[in-house]
1. Kindly check whether there is at least one residue in segment B:86-105 that is within 14 Å of another protein chain (Cβ to nearest Cβ), farther than 30 Å from A:P138 by Cβ and out of contact with any Phe, Trp or Tyr (no Cβ under 7 Å at 6 or more places or on another chain).
2. Anything in segment B:59-98 that is hydrophobic (A, V, I, L, M, F, W, C), more than 19 Å from the chain's Cα centre (by Cα) and surrounded by 11 or more Cβ atoms within 10 Å (Cβ to Cβ)? List them, or say none.
3. Return a yes/no flag: does segment A:98-110 have any residue that is surrounded by fewer than 20 Cβ atoms within 10 Å (Cβ to Cβ), assigned to a helix (DSSP H, G or I) and touching a helix residue (DSSP H, G or I) at 6+ places or on another chain (Cβ under 9 Å).
4. Looking at A:W49, is it within 14 Å of chain B (Cβ to nearest Cβ) and within 22 Å of A:A230 (Cβ to Cβ)?
5. Is it true that A:S50 is farther than 21 Å from A:D211 by Cβ, part of a helix (DSSP H, G or I), under 17 Å from the mean Cα position of the chain (by Cα) and touching a residue at least 24 places away in the same chain (Cβ under 8 Å)?
6. Could you tell me whether segment B:113-136 includes any residue that is assigned to a loop (DSSP other than H, G, I, E, B), within 14 Å of chain A (Cβ to nearest Cβ), aliphatic (A, V, I, L, M) and touching a Lys or Arg at 6+ places or on another chain (Cβ under 9 Å)?
7. Residue check: is A:T55 modelled with pLDDT under 85 and away from every other protein chain (no Cβ under 14 Å)?
8. Taking the condition touching a residue at least 60 places away in the same chain (Cβ under 8 Å) and closer than 20 Å to A:G61 by Cβ, does A:Y290 pass?
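The values are calculated or read from the model by the stated rules, or taken from the named source; none is laboratory data. Please read all numbers here as calculations on a predicted model, not as lab measurements. All Cβ positions, glycine included, derive from the backbone under ideal geometry; neighbour counts span all protein chains shown.
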Amino acid sequence: MTAQLVLYFPHLSLALGGLVILLAACLRRTPATLFPILAGVFAALPGLWSLAGPTGASGIGCYYAGLLSVITLATVALTARYAARRGFAGDALYGLVLWSALGMLLLAASDDWLMLIVGLELASLCLYAVVASRLSDPLGTEAALKYFLPGAMSLAVLVFGAALVYAGSGSLIIADSLAAGGPIVSAGLALALIGIGFKLSLAPVHLWTPDVYQGAPAPIAAFLSTGSKAATAAALLHLCAEASPEARELLWPALAGVAGLTMAAGNIGALCQKSVKRILAYSSIAQMGYIAMAAMAVNDGGGEAALFYLAAFALMDLGAFGAVGLLSGEIGDRDDVTAYQGLGYVHPWRAGALAISLLSLAGLPPTAGFIGKFLVFGAALRAGYVGLAAFGIVTAVIGIFYALRVVAALYMQSGVEAHPAIPAPAGPAGGLALGVMAAGVLALGLFPQSLLGAIAALFGGG
Amino acid sequence: MPPTAEFTPLLAPFSPWEPGALPLVVFGAIVLVVMAVILFLSGFLVRRRPTPSKQQPYECGIRPTGPARFRYPVPFFLMAVFFLLFDVETAYIISYAVAWPELGLPGYLRLAVFVIVLGLGLVYAWRKGGLDWDEEEGL
């Protein structure tokens, strides 16, 4: 009993956290500032649990408890003042964020097809509502609808795939069922990968991403692009690691095509965007292409590289979207690239964090993005995907351009055309979260061994 | 011992082919061709003589009034969602009750957690005004 309580402590704390927040809202005269504080406390507990190194927990569960704890904590900190000033802060927002994190944790650590589906759906259902949390904003509602309808479709595809795998193998355990092999299992795995590819916004099914990220409030977009992507990528890595050689032979060429197309679509699509949030959305599409490439090489060190890259990506995307949120005026988000002109001199700290995150997204040293790309391409080359890796490097070079475009807008123009010129103050929680993200991006870039060592320790010296 | 009667299907197989993908392909091709022909002919043969009454949206012969896009009160929708939630809860409780002798105390405790969490959900919906039949405000 106690062992089970220890094992499921992160899940329990996230689930209870959501309940406590909603119940606190039922009491009379609950101060509105209580909700983010409660959410922060309950979001921090899984991280502490994973730092304590519990016995019997799986490596991936431990890693993701820590990663999702950081992501949720940063999201809550970035959202707190942002939402309060724009009048959409409430108990439901924080409760749903916690429950969404619970779904992501279940998804990332799932051994079982049913748990994978339940986790994915719990995470997504909460996110659909959170994306539309700014009720007065028609863009947010549109984004939620654009996320929800294809999301429901992709879930149906995933469930159908899981059903086929079960029909072909007679097992719901992911490892056992995929090891069984056979054409039906391969077909099921293909459908499941399509469903997961939608959530990861891999190329032919990525079209929802820019609209949703643009419509969602900036800190929520950060949560969407980091937490949900990281957890779904864990599921992708798991499925790819367990796929039978026969299924690999059948599906890997398609996956290679998808990965290449995703890198190209993301990086080229971002070139002519005028909206910063859309640029960030396309950039996150491109990053997922690299993750898909690492997933193909998952048994040749690609898994560890992808886990490192996901952590780095979480830090830099939280930094970028968080900075966009903190630099925004009272109405709407600061979205136009031209609205960022000269901000680097007016708000050096927030603009600096944004610049560091963008340089990391572009993969320039000395940031975490460079190390992550280096590891991922190294793993792909070691696994023998030379053509794909070369193509990826070309697209990554293209990707430097749009990141530098925003950085240039921040620093290269002397005239301050930013409107509104003075955004709302960042607030202690948001400022701290942004600072930690930017510092984390630099620290992971300079001392990658700290995280790589932890990953290697968790996954048995990989 | 009388020989057991072999299973004989009532009808001969509908398709002259072995069951396979071919009938489906033929059927799909026919559907596509018919659709293409209908769409092409209706665009090609039609002569358009628009009049104001033809341009009106078709409302079963009634003259349409007001705009089509108006905010629609949805209290019934909320009630339907709540009903669905608690209906599913009933299904779980009944299936638990059937298995009561096997499950014993551990099963009781597990279901108690489930019911309590759902009860908290009901309290939340109540406090937030989700159960008020207010067509103007809603939840």
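1. At the first step, the residues of segment B:86-105 found to be within 14 Å of another protein chain (Cβ to nearest Cβ) are B:105.
Still in the running and farther than 30 Å from A:P138 by Cβ: B:105.
Going one step further and asking which of them are out of contact with any Phe, Trp or Tyr (no Cβ under 7 Å at 6 or more places or on another chain), we end up with B:105.
Checked segment B:86-105: at least one residue is within 14 Å of another protein chain (Cβ to nearest Cβ), farther than 30 Å from A:P138 by Cβ and out of contact with any Phe, Trp or Tyr (no Cβ under 7 Å at 6 or more places or on another chain).
2. Result: B:I93, single match.
3. First pass over segment A:98-110, keeping only residues surrounded by fewer than 20 Cβ atoms within 10 Å (Cβ to Cβ): none.
No - not one qualifying residue is present in segment A:98-110.
4. Details: within 14 Å of chain B (Cβ to nearest Cβ): no; within 22 Å of A:A230 (Cβ to Cβ): yes.
Answer is no for this residue.
5. No; evaluated as a whole, the condition is false for this residue.
6. No, segment B:113-136 contains no residue that is assigned to a loop (DSSP other than H, G, I, E, B), within 14 Å of chain A (Cβ to nearest Cβ), aliphatic (A, V, I, L, M) and touching a Lys or Arg at 6+ places or on another chain (Cβ under 9 Å).
7. Working: modelled with pLDDT under 85: yes; away from every other protein chain (no Cβ under 14 Å): yes.
Considered against the rule, which asks whether it is modelled with pLDDT under 85 and away from every other protein chain (no Cβ under 14 Å), A:T55 comes out as yes.
8. Details: touching a residue at least 60 places away in the same chain (Cβ under 8 Å): yes; closer than 20 Å to A:G61 by Cβ: no.
No; evaluated as a whole, the condition is false for this residue.
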